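The values are calculated or read from the model by the stated rules, or taken from the named source; none is laboratory data. Predicted, not measured: the structure shown is a model, and the values here were computed from it. Positions of Cβ are generated from backbone atoms using ideal geometry, with glycine treated the same way; all protein chains shown enter the neighbour counts. To get the accessible areas, we keep the full protein, side chains included, count just its heavy atoms, and leave off ligands, DNA and RNA. Shrake-Rupley method; radii C 1.70, N 1.55, O 1.52, S 1.80 Å.
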Amino acid sequence: MKWFDYAAPRSVAEAVRLLAAHPAARTLAGGTDLLVQLRSGRKETDLVVDIKRIPELNELRYDPAAGLTLGAAVPCYRIYQHAGLRLAYPALAETASLIGGTQIQGRASVGGNLCNASPSADTVPLLIALSATCHIAGPQGTRAIPVEDFCVAPGRNILTPGELLVSLHVPPPAPHSGARYLRFIPRNEMDIAVAGAGVSVTLDHGHFRSARIALAAVAPTPLLVREAGDALAGRPVSAESMGAAAELAKAAARPITDMRGTAEYRRHLCAVLTRRALEAAVAQAKGN
Amino acid sequence: MHGKYHVRTTINGEAVEFLCEPRQSLLECLRDILGLTGSKEGCNDGNCGACTVILDGRIVNSCLVLGAEADGADITTIEGVARGSRLHPVQRAFLEQAALQCGVCTPGLIVAAKALLEAEAQPSEERIRFWLANNLCRCTGYDKIVRAVQQAAHEMQEVNR
Ligand SMILES: Cc1cc2nc3c(=O)[nH]c(=O)nc-3n(C[C@H](O)[C@H](O)[C@H](O)COP(=O)(O)OP(=O)(O)OC[C@H]3O[C@@H](n4cnc5c(N)ncnc54)[C@H](O)[C@@H]3O)c2cc1C
Ligand code: FES
Ligand code: FES
């Protein structure tokens, strides 16, 4: 790796000061993307700002009334080991356990997964489906934006120099709601999604009250397909309604052909994964 | 002008201090600065697990940790797995089951398996395979490795009885 300096600030304010003073600085959470990119030369920096020693970035707090506060540097294993979180957001716990293998999950954070802004990031479609928001701190103060507005291009997010993601907030699960993220990979683990679908549903007496559907790896950014979720609102829970939503998701996908799959195959996967994720989310919603 | 970073850690139960460049990975610090060459460099990008160490109770790929990040941490490497000349049950089982050929993956696998068996007494075969999914082996075909971990789990239970 090329030479760089290292700093481990103890507060958000100190981190913002460092990042603002060093425009080429890079934020380090678990390092499972960043260190690979620095080593390969895909990214360069003169200063790595390690945010893992900042208390807010390590916060993991679930409150049935307030929802979930997930510090941006919390590693995946803490997410799926958190008993309250596992009960309230089983899909999030499951998705955190999909990232890499055990060693990767010991370091990799959901915040890093989002900030890295890969179209195939596994946690992002689910965060979007769950209506999560990003809490950002910067030289001008703090701001909050929906996760679906955070990624702007492959590897690029909306953060401006000096800003960092402090935490993610997920609203409390509504009664009779469920969620699920499904991806397709050729192996059983340790692979990058060919396509993925994250969904959340809220049911009301055999009908959908609302739904949100988002896709991975079929557009330059993780993709919220608003019309697919909206099409379910008010409709009965049935194979037809879910099949129609899955077709809308497929129609919204703008995939490319690469070594992992053709555009056509990815579009096909969007329909299949969306339908299966909806079925799983509905099953979960019926249970609570 | 490019300063070194002073890191204080505990490695295999002993207080260890070292100076490293901020860009050096924990794996490089272990191998090149501290002479602990048991942890191997396979891929250097997080895929193979040959560099696995236990960092504050969790297994991690030491190629994806900066030495500087390890300041204040408690680390176990493959060198800390045996008690003197007394092999850990996982090490014995690897030998008895012939769970290694070239041996490059072995230190990482043993550290990872030890961490699993300390957390969970009786993992299922599926659990073992998923836990070790970040440890690649190009020689054995994995079956013997899984058998060895199962044998070690069994022995560790007998001892604890
Ligand atoms: C072997 C292997 C397997 C993998 N498997 C998967 C997988 O199955 N699915 C998947 O989606 N990904 C996978 N990844 C990619 C990676 O592990 C994930 O994207 C992970 O969630 C990144 O988190 P991190 O904490 O390690 O991020 P880091 O590497 O620390 O950071 C990632 C990027 O985000 C920036 N950043 C981090 N935190 C912040 C912040 N708070 N504010 C502003 N910027 C920030 C960094 O500067 C960097 O550019 C894998 C990687 C490896 C090496
Ligand atoms: S050398 Fe670290 S994972 Fe391969
Ligand atoms: S024994 Fe050769 S890689 Fe595993």
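Yes or no, residue by residue, for (1) under 30 Å from residue B:6 (Cα atoms); (2) away from ligand 1 (no atom under 16 Å from the Cβ); (3) away from chain A (no Cβ under 13 Å); (4) touching a residue at least 60 places away in the same chain (Cβ under 8 Å):
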| position | (1), (2), (3), (4) |
| --- | --- |
| B:79 | yes, yes, yes, yes |
| B:84 | yes, yes, yes, no |
| B:89 | no, yes, yes, yes |
| B:94 | no, yes, yes, no |
| B:112 | yes, no, no, yes |
| B:122 | no, yes, yes, no |
| B:129 | no, yes, no, no |
| B:139 | no, yes, yes, no |
| B:143 | no, yes, yes, no |
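For residue B:115, state whether it is buried (at least 19 other Cβ atoms within 10 Å of the Cβ) and more than 13 Å from the chain's Cα centre (by Cα).
Working: buried (at least 19 other Cβ atoms within 10 Å of the Cβ): yes; more than 13 Å from the chain's Cα centre (by Cα): no.
Criteria not met by residue B:115.
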Going through region B:39-76 in order, the residues found to be of a type in the set (A, V, I, L, M) and in contact with a strand residue (DSSP E or B) (Cβ under 8 Å, 6 or more places away or on another chain) are B:53, B:54, B:55, B:59, B:60, B:64, B:65, B:66, B:68, B:70, B:73, B:75
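Considering A:104, A:136, A:158, which residue is under 23 Å from residue A:225 (Cα atoms) and of a type in the set (A, V, I, L, M, F, W, C)?
Selected residue: A:158, the only one of A:104, A:136, A:158 that is under 23 Å from residue A:225 (Cα atoms) and of a type in the set (A, V, I, L, M, F, W, C).
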Scanning region B:40-80 for residues that are on the phi > 0 side of the Ramachandran plot and within 16 Å of ligand 3 (Cβ to nearest atom), the one farthest from the chain's Cα centre (by Cα) turns out to be B:44
Discussion item. Just to be sure before I move on: is residue A:6 within 14 Å of chain B (Cβ to nearest Cβ) and either aromatic (Phe, Trp, Tyr) or touching an Asp or Glu at 6+ places or on another chain (Cβ under 6 Å) (or both) in the structure I sent?
Written reply: yes
Item to complete: Determine, yes or no, whether residue A:12 is open to solvent by less than 50 Å² (accessible area, probe 1.4 Å) and either touching a strand residue (DSSP E or B) at 6+ places or on another chain (Cβ under 7 Å) or within 16 Å of ligand 3 (Cβ to nearest atom) (or both).
Response: yes
If we keep only residues of region B:36-52 that are surrounded by fewer than 24 Cβ atoms within 10 Å (Cβ to Cβ) and within 6 Å of ligand 2 (Cβ to nearest atom), then the residue nearest to residue A:37 (Cα to Cα) is B:44
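Do you know which residues across region B:22-38 are within 14 Å of chain A (Cβ to nearest Cβ) and either of a type in the set (Gly, Ala, Ser) or touching a residue at least 40 places away in the same chain (Cβ under 8 Å) (or both)? Let's see the steps before the verdict.
Of region B:22-38, the ones within 14 Å of chain A (Cβ to nearest Cβ) are B:22-29, B:32.
Selection gives B:22, B:23, B:24, B:25, B:26, B:29.
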- Message: residue B:141 - would you say it is under 30 Å from residue B:18 (Cα atoms) and either assigned to a loop (DSSP other than H, G, I, E, B) or in contact with a Lys or Arg (Cβ under 6 Å, 6 or more places away or on another chain) (or both)?
- Response: no
Of the listed residues (B:66, B:55), the one being farther than 13 Å from residue B:134 by Cα, within 15 Å of ligand 1 (Cβ to nearest atom), in contact (Cβ under 8 Å) with a residue 12 or more places away in the chain and surrounded by fewer than 24 Cβ atoms within 10 Å (Cβ to Cβ) is B:55
